[in-house]
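Structure, as structure tokens:
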Amino acid sequence: MRRFLDGGLFPTDRIPDYCQSLPPPSDRAFYWSFAQRGLESLTVARILPVILAWVTRAIGFQLLQG
């Protein structure tokens, strides 16, 4: 996914081509949208679980409160 930021990275290497073809289009679009804002996919992958955990906790707390 680093190729979203630098399109000419590893131009003749087949391994990155193969690895880039594995994720579904929705995942690629998700990470591409963050890459357009200057965030690397690894950074997003580190921050996203924390955000989702807090959202899940907040929703669970609201459901348990009635």
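For every residue, the table says whether it meets (1) basic (Lys, Arg); (2) without any contact (Cβ under 8 Å) to a residue 12 or more places away in the chain; (3) touching a Gly at 6+ places or on another chain (Cβ under 7 Å).
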residue	(1), (2), (3)
ARG14	yes, yes, no
ASP17	no, yes, no
PRO25	no, yes, no
ARG28	yes, no, no
SER33	no, yes, no
LEU39	no, yes, no
ILE47	no, yes, no
ALA53	no, yes, no
ILE59	no, yes, no
Report those helices (runs of 4 or more DSSP H) wholly inside the chain carrying at least 1 residues which are open to solvent by less than 80 Å² (accessible area, probe 1.4 Å), touching a helix residue (DSSP H, G or I) at 6+ places or on another chain (Cβ under 6 Å) and at pLDDT below 85. none
Index of the failed condition, GLY66 passing every other in (1) in contact (Cβ under 8 Å) with a residue 12 or more places away in the chain; (2) at positive phi: (1)
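The values are calculated or read from the model by the stated rules, or taken from the named source; none is laboratory data. All values reported here derive from a predicted model rather than from experimental measurement. Reconstructed Cβ throughout: ideal geometry from the backbone, glycine too, with neighbour counts over all protein chains shown. The area values use the complete protein model at the heavy-atom level, side chains included, leaving out ligands, DNA and RNA. Shrake-Rupley method; radii C 1.70, N 1.55, O 1.52, S 1.80 Å.
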